[in-house]
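Please treat every number below as a calculation from the coordinates, not as lab data. Remember, it's a predicted structure, so these values are computed and weren't measured experimentally. No Cβ is skipped: glycine too gets one built from the backbone with ideal geometry, and neighbour counts run over all protein chains shown.
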């Protein structure tokens, strides 16, 4: 029901743990968290991968459909989904990509997926016979698509609400699909920004579900023009200095960076990092000679930091598995980094300049993989506004 959109819509499943999801959904039987984090309806301590969790998700989806919380469209539609976060606005078209486009690299990737997360999402999809959360994708800008979307925005929206976090979500239904189909026919590629596990799981689930009219071969995506995306930094904290004193760490950093003191906590551009250590912000700047022509992954600041300081000096050999390093999403700001060091939870913190969308697409075009925790996209898509049945 459109008037219940604000009540139903939830944060994505992978941005909250069970306890957080239970608190968010408390007193709200219509929250979509009952479908994407259905363990909240089972006894505390239930294994999130237990058979009962997937069965409960399917049961809740069936309830939402039968009681009118979710309404099935009578004819195929696209949607325009606009998000406003402060001064930032992004507009995406909600539709479906084909699993063969994913398999043939027309939907391009830049992250590795973990088998356990793939297994979980695949089972969730096959049990529900639905895609409960969209894949966040982007494409190089198209003036033709922008013009179509601008016209759609002039009409009355289907949903329009501001969530508790202050982010506004507006959705328009598009029943005249031919114009957008034609316009997207001129877009050769799209890129996964967020949702690699959902896309990989959709490709797996397609071979396990026999849906009507081949719907199992299509998975829900929101496609945003690249110029409208907002990538925040993914910052780093290390728990100890690997036996070094602060002055010794600064001296070691000086071998790979130009080091300065009393800098802005937010780096001013690519090639600059701000390090909080011993109560001060220090600037770490790469020289132009450290750029790697033809190596878009190795040229990232997060890669350079890992290879020249975190690994050889601080002993963080594998940032994917080393428990001495933590990754802090840029949405939490640099005050969070300073607080962690000042209260002893971390010994040093590194504030990064955000990876650009062009860097991300260049890495995907080269068939390469970004280092772990390189990008943090905001705002996040809400789950439950639109669901694709397989």
Checklist entry - Can you give the Rg to Rh ratio for region 1-111, taking only C-alpha atoms and Rh from Kirkwood? => result 1.01
Item to check | Mean projected area (nm²) of the alpha-carbon convex hull when region 142-226 is viewed from all directions | outcome: 7.8 nm²
Checklist entry - Relative to the present Cα-Cα distance, how much length would full extension add between residue 49 and residue 143 at 0.36 nm per residue of separation? => result 29.4 nm
Checklist entry - Given the Cα-Cα distance of residue 160 and residue 339 and 0.36 nm per residue of separation, how much length would full extension add, in nm? => result 60.8 nm
Next on the checklist: If the elastic network links every pair of Cα atoms under 10 Å, which of 82, 140, 332 fluctuates the most in the Gaussian network model of the chain?
Outcome noted: 332
Checklist outcome for this item: Dividing the alpha-carbon radius of gyration of region 2-66 by 2.2 N^0.38 Å, where N counts its residues, gives 1.04
Checklist outcome for this item: Mean shadow area (nm²) of the C-alpha convex hull around region 206-253 is 8.4 nm²
Item to check | Cα pair distances exceeding 23 angstrom across region 297-390, given as percent | outcome: 38 percent
Checklist entry - Semi-axes of region 64-133's equivalent ellipsoid from the Cα gyration tensor, sqrt of 5 times each eigenvalue, largest first, rounded to whole Å? => result 24, 22, 15
Item to check | Efficiency of FRET between residue 270 and residue 175 - r from beta-carbon atoms, R0 30 angstrom, step 0.05 | outcome: 0.10
Item to check | Quarter of Cα convex hull surface for the chain, i.e. mean projection, nm² | outcome: 20.3 nm²
Checklist entry - What nm value, rounded to one decimal, do you get for the distance between residue 285 and residue 213 when each label is placed 7 Å out toward the C-beta? => result 5.9 nm
Checklist entry - region 114-268: D in µm²/s via Stokes-Einstein (Kirkwood Rh, Cα pairs, 10 °C, 1.306 mPa s)? => result 79 µm²/s
Checklist entry - What's the angle, to the nearest 10 degrees (0 to 90), between helix 51-66's Cα axis and the longest principal axis of the chain? => result 50 degrees
Next on the checklist: For region 303-352 and region 87-113, what is the centre-to-centre distance using only Cα atoms, to the nearest Å?
Outcome noted: 30 Å
